[in-house]
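> First, the structure itself, so that you have it in front of you.
The values are calculated or read from the model by the stated rules, or taken from the named source; none is laboratory data. The shown structure was predicted, so the numbers you read here are calculated from the model rather than taken from an experiment. Methodologically, a virtual Cβ is constructed for each residue, glycine included, from the backbone with ideal geometry; neighbour enumeration extends over all protein chains shown.
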């Protein structure tokens, strides 16, 4: 059994609900871009004066007593929220009928124990709606579309007994079937005004004349057109939140981890029921002084593993501890389909994603956030320009690329070390580095490089490749002269 | 059955739960090897560096340790496996790594630092301690085909202070994780824990080329001495004599020429 709640002229009712002073006066609601606004709704008093939907602002304003108002979507949303709350009290399975604004269909199967028989339920539903400040029609029928048509066509409460839908709809005008203009015209020319008259026609003859639409209209008029209900369900993702207020402020993280473990457990249970995994966890800590401390933990792959998630949370909070004592905490989760992959038996070794994530978090805690990852060369003229990106090795695959020859590696001095240099002519002859005197045995250069001359970060230097030697050792280095600071630096050592 | 064999069987059966096959010689399988990408060195090493063991390469500056390390890592990443480079002095040049053919996405680079702005732990770690701890974590995590612990710029007196127990632990962890652990040091420090000990030596100097108007640093010859290779043990000769391999590396710009 379905109950349908339909507030007629919903837009006008929503506007009047927010401004009760309008109830006594004729008003029209206008929508659209100024100056091309048109009337979308008008209350009964305004319609009695001659205001119709589709009129322009100028036409509407030609009625001196009619108040022209702009349509406010916010008012309509709040009105709909009120209606939604009311219908939720009467049934857990509700569907919003999008075709008619403000209209809800309720599956009332089994609700008779709470609200009495169908008629009593309809009356109570209507009374609740009116108590909230809305006029509404309520219709009950076994067929969904029959209930909608009855709610649209009859004022007040109407109940169609099972099997008597056609009888109940007999006197309803054809407009409740929301006909297309051409069909409306055809039925008018045939002299058919009500659903009963349409239902009395022979189905095959109707289909022969207006096509397959005829079958649907005929079934609708008889109250037999089937409907598959899609009840509104609360969003699963939005519900993945756990909140907790603490009695006493907590300053150390360890006791907090017990609470986080419990909350993660609760979230994981909910997520697992839907055969999903946790893709990210957002911890919002309400710290002393009305501040929020927010951290997001995003494992490389969606996880269903509690210890891994907890460890990641712990390491992240230890690396970024809150600034003050914690008063409350929230844990938001985001779900995703769990990761399942079957790798080949003969593929090379690769770190296991879950363990790797924890290892990386530990390493970040140990050496610093920006010091763990893979290097990526940047598109820059500056020698040795790179940036760190998170380590995420691609799936194991053999590369056919062959290297040309073994290159001499440069060990970069970060930051460049300042050295003393004795020049002969313009070329270095001796280098004093870390208290040691080196003779320049061989030299190549200078290679003049510069870049970013258009900005503050401009750089310019003369680079030399030198073979430095003492009595005992020898090393090949790259030294550079920086004209802006007039200093010599060791860029690195070839090794 | 002779009495000795019966006695042996009895002892083995008694100890079976605690020490399986206590008195039977364990057949040692030849280790899997990773080619280093340098044919001269591979020929001396019998195929490459061993997997699941420690390889130690020591030598002074500019003797080709880093070039050797990068070449080995490049060959391993090209095979599709992931590697890690624990950089004690933050000296790795990504440009050199890319030029050596390392697939940078498969390389985890850990740059230890002494001047950390944000102190997150109560205890401040020195660079070497950080690196040892990081290597430990990487070996425990497993999945890395090779881990390079680059201590080339650490003075020998500091590396000598690392307790031997650390190297024993690393050896066991590397064996379990089937990881080739490569140490680059100035002086040997892992002692008997290293299965393969190499020494890089200064070699004859090749002068900078002077084909053009100015001299150009084009190539550098290196010498590698194999001190010990535990996997090559023979029952007749306990210690094999050192074997030398000479190889050379080119600078990037000489490729263009």
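> Working carefully through the options A:478, A:467, find the one that is surrounded by 21 or more Cβ atoms within 10 Å (Cβ to Cβ), in a strand (DSSP E or B) and touching a residue at least 40 places away in the same chain (Cβ under 8 Å).
Values: A:467 fails: touching a residue at least 40 places away in the same chain (Cβ under 8 Å).
Result of the check over A:478, A:467: A:478.
> Need the failing condition index for residue B:17 against (1) without any contact (Cβ under 8 Å) to a residue 60 or more places away in the chain; (2) surrounded by fewer than 22 Cβ atoms within 10 Å (Cβ to Cβ); (3) touching a strand residue (DSSP E or B) at 6+ places or on another chain (Cβ under 8 Å), just the number.
The one condition residue B:17 does not meet is (3).
> Inside the stretch A:300-320, can you point out the residues that are under 21 Å from residue A:238 (Cβ atoms) and outside any helix (DSSP H, G or I)?
Those that are under 21 Å from residue A:238 (Cβ atoms) and outside any helix (DSSP H, G or I): A:302, A:303, A:304.
> Suppose the filter is modelled with pLDDT of 90 or more, closer than 30 Å to residue A:22 by Cα, assigned by TED's automatic domain parsing to the domain that holds residue A:9 and surrounded by 15 or more Cβ atoms within 10 Å (Cβ to Cβ); does residue A:139 pass it? Before you say what the answer is, go through the steps one by one.
On the way: modelled with pLDDT of 90 or more: yes; closer than 30 Å to residue A:22 by Cα: yes; assigned by TED's automatic domain parsing to the domain that holds residue A:9: yes; surrounded by 15 or more Cβ atoms within 10 Å (Cβ to Cβ): yes.
Considered against the rule, which asks whether it is modelled with pLDDT of 90 or more, closer than 30 Å to residue A:22 by Cα, assigned by TED's automatic domain parsing to the domain that holds residue A:9 and surrounded by 15 or more Cβ atoms within 10 Å (Cβ to Cβ), residue A:139 comes out as yes.
> Would you list the helices (runs of 4 or more DSSP H) that sit entirely within the stretch A:82-190 and hold 3 or more residues that are farther than 25 Å from residue A:232 by Cβ? Even if it seems obvious, please write down each step before you answer.
Values: elements: A:112-115, A:118-131, A:144-153, A:165-168, A:181-190.
So the answer is A:165-168, A:181-190.
> I would also like to ask the following. For the stretch A:417-431, state whether one or more residues are within 14 Å of chain B (Cβ to nearest Cβ), modelled with pLDDT under 90 and not in a strand (DSSP E or B).
Yes: one or more hits.
> Here is a further query. So which residues in the stretch A:381-404 are surrounded by 17 or more Cβ atoms within 10 Å (Cβ to Cβ) and closer than 25 Å to residue B:184 by Cβ, if there are any at all? If you could, list the steps in order and put the result at the bottom.
Step one: list which residues in the stretch A:381-404 are surrounded by 17 or more Cβ atoms within 10 Å (Cβ to Cβ), which gives A:383-384, A:386, A:391, A:393, A:396.
Listed by number, the residues that qualify are A:383, A:384, A:386, A:391, A:393.
> Just for the stretch B:180-196: of the residues that are in contact (Cβ under 8 Å) with a residue 24 or more places away in the chain and farther than 22 Å from residue B:89 by Cβ, which one is surrounded by the fewest Cβ atoms within 10 Å (Cβ to Cβ)?
Quick first cut of the stretch B:180-196, residues in contact (Cβ under 8 Å) with a residue 24 or more places away in the chain only: B:180-191, B:193-196.
Adding the requirement that they be farther than 22 Å from residue B:89 by Cβ leaves B:191, B:193, B:195-196.
Values: B:191: 12, B:193: 22, B:195: 24, B:196: 25.
Filtering the stretch B:180-196 for residues that are in contact (Cβ under 8 Å) with a residue 24 or more places away in the chain and farther than 22 Å from residue B:89 by Cβ, the one surrounded by the fewest Cβ atoms within 10 Å (Cβ to Cβ) comes out as B:191.
> Being under 34 Å from the mean Cα position of the chain (by Cα) and more than 7 Å from chain B (Cβ to nearest Cβ) is true for just one of A:344, A:354. Which residue is that? Break it down into steps so the answer makes sense when it comes.
Numbers: A:344 fails: under 34 Å from the mean Cα position of the chain (by Cα).
Result of the check over A:344, A:354: A:354.
> In the stretch A:374-406, what count of residues is obtained for those that are in a loop (DSSP other than H, G, I, E, B) and more than 15 Å from residue B:100 (Cα to Cα)? It would help to see each step written out before you state the result.
As a first pass, look at the stretch A:374-406 and keep what is in a loop (DSSP other than H, G, I, E, B): A:378-385, A:390-406.
Of the ones still in play, those that are also more than 15 Å from residue B:100 (Cα to Cα) are A:378-383, A:385, A:390-398.
Total satisfying the criteria: 16.
> Please state which of the following conditions residue B:13 fails to meet, knowing it meets all the rest: (1) within 14 Å of another protein chain (Cβ to nearest Cβ); (2) not in a loop (DSSP other than H, G, I, E, B).
Status for residue B:13: all satisfied but (1).
> Moving to a separate point now. So, of the residues in the stretch B:20-36 that are within 21 Å of residue B:80 (Cβ to Cβ) and away from every other protein chain (no Cβ under 14 Å), which turns out to be surrounded by the most Cβ atoms within 10 Å (Cβ to Cβ)? Lay out the reasoning, then the answer.
In the first step, residues of the stretch B:20-36 are kept if they are within 21 Å of residue B:80 (Cβ to Cβ); the result is B:31-36.
Then keep just the ones that are away from every other protein chain (no Cβ under 14 Å); that gives B:31, B:33.
Values: B:31: 20, B:33: 17.
Filtering the stretch B:20-36 for residues that are within 21 Å of residue B:80 (Cβ to Cβ) and away from every other protein chain (no Cβ under 14 Å), the one surrounded by the most Cβ atoms within 10 Å (Cβ to Cβ) comes out as B:31.
> Another question, then. If I filter the stretch A:340-359 down to residues being modelled with pLDDT of 80 or more and part of a loop (DSSP other than H, G, I, E, B), which single residue comes out as farthest from residue B:136 (Cα to Cα)?
Applying the filter and picking the extreme gives A:352.
> Give the stretch B:49-68 a look and list any residue that's farther than 20 Å from residue B:168 by Cβ and in contact with a helix residue (DSSP H, G or I) (Cβ under 9 Å, 6 or more places away or on another chain), or say none. Outline the logic, then answer.
Step one: of the stretch B:49-68, the residues farther than 20 Å from residue B:168 by Cβ are B:59-68.
Hits for the stretch B:49-68 are B:59, B:66, B:67, B:68.
> Here is a further query. I'd like to verify a number: residues in the stretch B:16-36 that are under 16 Å from residue B:229 (Cα atoms) and assigned to a loop (DSSP other than H, G, I, E, B), how many? First the steps, then the outcome.
Residues of the stretch B:16-36 under 16 Å from residue B:229 (Cα atoms): B:28-36.
Now restrict to residues that are assigned to a loop (DSSP other than H, G, I, E, B): B:28-32, B:35-36.
Count: 7.
> Can you name the residue in the stretch A:411-431 that is within 60 Å of the chain's Cα centre (by Cα) and touching a residue at least 60 places away in the same chain (Cβ under 8 Å) and, of all such residues, is nearest to residue B:251 (Cα to Cα)?
First, pick out the residues of the stretch A:411-431 that are within 60 Å of the chain's Cα centre (by Cα): A:411-420.
Restricting the remaining residues to those that are touching a residue at least 60 places away in the same chain (Cβ under 8 Å) gives A:411-413, A:416-420.
Values: A:411: 13, A:412: 15, A:413: 18, A:416: 21, A:417: 22, A:418: 24, A:419: 24, A:420: 26 Å.
Out of the qualifying residues, it is A:411.
> Here is a further query. Residues that are at pLDDT below 95 and within 8 Å of chain A (Cβ to nearest Cβ): find the strands (runs of 3 or more DSSP E) completely inside the stretch B:37-113 holding 1 or more of those. I'd like the intermediate steps shown before the answer.
Values: elements: B:54-58, B:82-87, B:107-111.
Ranges flagged: B:82-87, B:107-111.
> For the stretch A:384-407, which residues satisfy the criterion of being facing another protein chain (nearest Cβ under 7 Å) and in contact (Cβ under 8 Å) with a residue 12 or more places away in the chain? I'd like the intermediate steps shown before the answer.
In the first step, residues of the stretch A:384-407 are kept if they are facing another protein chain (nearest Cβ under 7 Å); the result is A:384, A:386, A:391, A:393-394, A:396-399, A:401, A:403-407.
Matches in the stretch A:384-407: A:384, A:391, A:393, A:396, A:397, A:398.
> Here's something else I'd like to know. Find the residue count for the stretch A:100-114, including only residues that are within 25 Å of residue A:78 (Cβ to Cβ), surrounded by fewer than 21 Cβ atoms within 10 Å (Cβ to Cβ) and over 26 Å from the mean Cα position of the chain (by Cα). Talk me through it step by step, then tell me what you get.
Filtering the stretch A:100-114 down to residues within 25 Å of residue A:78 (Cβ to Cβ) leaves A:100-106.
Subsequent filtering for residues that are surrounded by fewer than 21 Cβ atoms within 10 Å (Cβ to Cβ) retains A:100-101.
Right, trim to over 26 Å from the mean Cα position of the chain (by Cα) and you get A:100.
Here the count works out to 1.
> Here is a follow-up. Quick check on the stretch A:362-372: of everything there that is closer than 12 Å to residue B:109 by Cα and more than 7 Å from chain B (Cβ to nearest Cβ), which residue is surrounded by the most Cβ atoms within 10 Å (Cβ to Cβ)? First the steps, then the outcome.
Initially, the stretch A:362-372 is screened for residues closer than 12 Å to residue B:109 by Cα, giving A:363-364, A:367, A:370-372.
Then keep just the ones that are more than 7 Å from chain B (Cβ to nearest Cβ); that gives A:364, A:370.
Details: A:364: 20, A:370: 11.
Looking at the filtered set, the residue picked out is A:364.
> Continuing with this model, one more query. Go through A:158, A:70, A:128 for me and flag whichever is touching a residue at least 12 places away in the same chain (Cβ under 8 Å) and closer than 24 Å to residue A:170 by Cα.
Exactly one residue qualifies, and that residue is A:158.
> Can you say whether residue A:217 is farther than 30 Å from residue A:314 by Cβ, modelled with pLDDT of 90 or more and not assigned by TED's automatic domain parsing to the domain that holds residue A:98, as far as the supplied structure shows? Steps first, please.
Numbers: farther than 30 Å from residue A:314 by Cβ: yes; modelled with pLDDT of 90 or more: yes; not assigned by TED's automatic domain parsing to the domain that holds residue A:98: yes.
Yes, satisfied.
> Here are A:46, A:14: which of them is in a helix (DSSP H, G or I), touching a helix residue (DSSP H, G or I) at 6+ places or on another chain (Cβ under 6 Å) and in contact (Cβ under 8 Å) with a residue 12 or more places away in the chain? Steps first, please.
On the way: A:46 fails: touching a helix residue (DSSP H, G or I) at 6+ places or on another chain (Cβ under 6 Å).
Result: A:14 is the single residue among A:46, A:14 that is in a helix (DSSP H, G or I), touching a helix residue (DSSP H, G or I) at 6+ places or on another chain (Cβ under 6 Å) and in contact (Cβ under 8 Å) with a residue 12 or more places away in the chain.
> For the condition in contact (Cβ under 8 Å) with a residue 24 or more places away in the chain, buried (at least 20 other Cβ atoms within 10 Å of the Cβ), assigned to a helix (DSSP H, G or I) and touching a strand residue (DSSP E or B) at 6+ places or on another chain (Cβ under 9 Å), what is the one hit in B:131, B:146? Outline the logic, then answer.
Details: B:146 fails: assigned to a helix (DSSP H, G or I).
On inspection, the qualifying residue turns out to be B:131.
> Could you check how many residues of the stretch A:321-337 are out of contact with any helix residue (DSSP H, G or I) (no Cβ under 9 Å at 6 or more places or on another chain) and either in a loop (DSSP other than H, G, I, E, B) or within 28 Å of residue A:367 (Cα to Cα) (or both)?
Residues that pass the stated criteria total 4.
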